[in-house]
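Working notes, structure below.
The values are calculated or read from the model by the stated rules, or taken from the named source; none is laboratory data. If you're wondering where the values come from, they're calculated on a predicted model, not measured in any experiment. Side chains are part of the model used for accessible areas, which takes the heavy atoms of the whole protein and leaves out ligands, DNA and RNA. Shrake-Rupley method; radii C 1.70, N 1.55, O 1.52, S 1.80 Å.
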Amino acid sequence: MSEFEELLEGKSYQARSADISQPTFEALVNRDKEPSPFLGHPLMVNEALAAIPRPFRLDSLAVTNGFITYQERLIAGQPPGVLTFGDITLSVEGIANGSASSNAEVMLRGRTRFMNAGLLNVMMKIAQA
């Protein structure tokens with residue numbers, strides 16, 4: 001069975017590349033509220049990949065001209081603190097889970113303008129096991 005047939009039948013998810021242009025992400029975290037007792041900790045990258053029920057592989061992901069706004073409110077009624085990341089360029093290689101994984105790690109390289117004040121470069125290797 002070909003990779004395309006497996007995709008159509010929902011048996012696996014595989015792609016050589018994905019390109020995302022001009023994505024925007026905004027988050028507001030209310031630290032002034034009690035956390036819900038039923039929420040667990042956020043999943044780490046390897047845990048999130050392992051939670052995908054079917055074989056998953058994306059050889060490369062490219063993000064260009066992205067923008068992130070992160071806001072965090074510590075005191076009720078007060079304005080939140082804000083962090084911004086603009087002009088984001090990101091490349092990720094080797095995203096996979098389980099039997100679809102041929103790499104032991106994901107390689108991430110990125111660059112952004114932090115708070116419109118300086119350049120922030122990031123290079124990370126993230127274990128998948």
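Quick one: pull the percent of accessible area on the chain belonging to carbon and sulfur, 1.4 Å probe, ligands and nucleic acids left out. Of all accessible area on the chain, carbon and sulfur atoms account for 58 percent. In the elastic network of the chain, a GNM with C-alpha springs shorter than 10 Å, the most mobile of V63, V82, V45 is V82.
Among L58, L28, the order of accessible area from largest down is L28, L58, computed with a 1.4 Å probe on protein heavy atoms.
All Cα-Cα separations within segment 27-129 were binned at 10 Å from zero, giving a P(r) of 14, 30, 32, 22, 3, each value a whole percent of the pairs. Residues whose amide H comes within less than 5 Å of that of I95, counting only those at least five positions distant or on another chain, are L58 (H built at 1.01 Å from N in the peptide plane).
With all protein chains kept in place, the per residue accessible area of the chain amounts to 72 square angstrom at a probe of 1.4 angstrom. The H on the amide N of Q128, modeled in the peptide plane, is under 5 Å from the matching H of E105, V106, each at least 5 residues off or on a different chain.
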